[in-house]
Amino acid sequence: MSASRRVRWLGGSLLLFSLAVAGSCCVLGWLLARPVPVAIGPAPADLQASEVAFPSDSGAIIHGWWCPVPHSRGNVLLLPGIRANRLSMVERARFLRAHSYATLLIDLQATGESKGEHITFGAQESRDVLAAVNFIRQRTPEPRVAIIGMSLGGAAALLAMPPLRVEGLILESVFPTIDQALDNRLRKYLGPMGRALAPLLRAQLQPRLHVSPEALRPIDHVGKVGCPLLVMNGERDRNTTVADTQQLFSQAPEPKELWIVPKAGHVDLYRAAPSAYEARVLEFLQRAFRTQSRNSGAHSLSRRPRKALPRRPLPVYTSRSLDCARDDIRAATFP
């Protein structure tokens, strides 16, 4: 083979390889952002839940289970991680109910029974969180609300604008920036070369999701948290590393707590250490609700300023009024 033909062959091979890599990244981007519809079914009987739905500014009708308790100590909004739905939060709802906390479990947009065109890694989901907090406060005379957010759910809570007016915030395995989240995952699955592919995925955010990478930086928002904060992560988590978590935690204001769960990876931290998890969360909620109640007249994110933000009534749909809508959703989603 002549030198010129060899050069052309190498050039053509390199071009084909580059196209294959770019095509693979496009497919991967689609897979990561595509909706994950799931037929949830009835709530576990022991939760004594009502099936509810309410509108969000994300454009979705958010579906969930409202689990009230008599003489509630407060309300806890449970936010699942990426590609998960309210079923992943059932065990948390159970132990919280056993300690007299009401809970709201929801499917964020584009997951479970909540429709949506794409998962947006916290951008549109942040609007669902605002709608859920609003729903709780219109549903019950007990105004105190805390949030437990896993991964994307926690990121959505931080990205909410205006910042959430809640009494406590628990973040589990939340990425500081979308760039770090992509780098970590690509390096985990593809080794050192994986990081070189991150720009190809990052470049898809704006055209595919209409979201800029700069809008997916929870670390830029954690400093605006106006309530007690508990940050958790697994010691062996390679998707959101301990260094990532410490970086996020360092930017948060006091009062705050950090818990690194020994030997846990990027997993459900409750299942990894159930007894320790329950003890940490229950102690935190008790202290957070007590602190915020004491400071309700002075704290910038307390309950009193809510009067300055008029809210339109949210339509609430119960299980009976959802029967026809659910049939339409399943017919469209599961042909």
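Among residues of region 89-111 that are more than 16 Å from Leu269 (Cβ to Cβ) and without any contact (Cβ under 8 Å) to a residue 12 or more places away in the chain, none has a beta-carbon under 7 Å from a residue that is crowded, with 18+ Cβ neighbours inside 10 Å and among the hydrophobic types (A, V, I, L, M, F, W, C) at least six positions away or on a different chain. Looking across Ala131, Ala198, Ala155, one residue alone is of a type in the set (A, V, I, L, M), open to solvent by less than 20 Å² (accessible area, probe 1.4 Å), assigned to a helix (DSSP H, G or I) and without any contact (Cβ under 8 Å) to a residue 24 or more places away in the chain. It is Ala198. Residues in region 201-221 that are of a type outside the set (S, T, N, Q), part of a helix (DSSP H, G or I) and open to solvent by 70 Å² or more (accessible area, probe 1.4 Å): 4 in all.
Pairs linking a residue in region 39-60 that is in contact (Cβ under 8 Å) with a residue 12 or more places away in the chain and closer than 22 Å to Ala98 by Cβ to a residue that is surrounded by fewer than 15 Cβ atoms within 10 Å (Cβ to Cβ) and β-branched (Val, Ile, Thr), with Cβ atoms under 8 Å and 6 or more positions apart or on different chains, are Ser50/Thr318; Glu51/Thr318; Val52/Thr318. With respect to (1) crowded, with 22+ Cβ neighbours inside 10 Å; (2) touching a residue at least 24 places away in the same chain (Cβ under 8 Å), the lone exception for Leu182 is condition (2). Considering only residues in region 40-99 that are in a loop (DSSP other than H, G, I, E, B) and of a type in the set (S, T, N, Q), the one that is nearest to Leu285 (Cα to Cα) turns out to be Ser72. Of all residues in region 243-255, those that are closer than 13 Å to Pro218 by Cβ have Cβ atoms under 9 Å from Cβ atoms of residues that are open to solvent by 70 Å² or more (accessible area, probe 1.4 Å), 6 or more apart or on another chain, in Gln251/Asp220.
On the given criteria, is Leu96 modelled with pLDDT of 95 or more and surrounded by fewer than 24 Cβ atoms within 10 Å (Cβ to Cβ)? Judged against the criteria, Leu96 is not a match.
Of all residues in region 111-128, exactly one satisfies the criterion of being over 22 Å from Gln206 (Cβ atoms) and surrounded by fewer than 24 Cβ atoms within 10 Å (Cβ to Cβ), namely Lys115.
Open to solvent by less than 40 Å² (accessible area, probe 1.4 Å) and either of a type in the set (Gly, Ala, Ser) or at negative phi (or both): does that describe Leu108? Yes: the conditions hold for Leu108. Looking at this structure, is Val166 out of contact with any Asp or Glu (no Cβ under 9 Å at 6 or more places or on another chain), buried (at least 21 other Cβ atoms within 10 Å of the Cβ), in a helix (DSSP H, G or I) and β-branched (Val, Ile, Thr)? No, not satisfied. Spot the failing condition for Gly149; the list is (1) of a type outside the set (A, V, I, L, M, F, W, C); (2) open to solvent by 10 Å² or more (accessible area, probe 1.4 Å); (3) assigned to a strand (DSSP E or B), and only one is missed. Looking at each condition in turn, Gly149 falls short on (2).
Which condition does Pro143 not pass, out of (1) outside any loop (DSSP other than H, G, I, E, B); (2) over 30 Å from Arg185 (Cα atoms), if it passes all the others? Failed condition: (1).
The values are calculated or read from the model by the stated rules, or taken from the named source; none is laboratory data. These numbers come from a predicted model, not from an experiment. With ideal geometry, Cβ positions are generated from the backbone for all residues, glycine too; neighbour counts draw on all protein chains shown. Please note that ligands, DNA and RNA were not included when accessible areas were found on the heavy atoms of the full protein model with its side chains. Shrake-Rupley method; radii C 1.70, N 1.55, O 1.52, S 1.80 Å.
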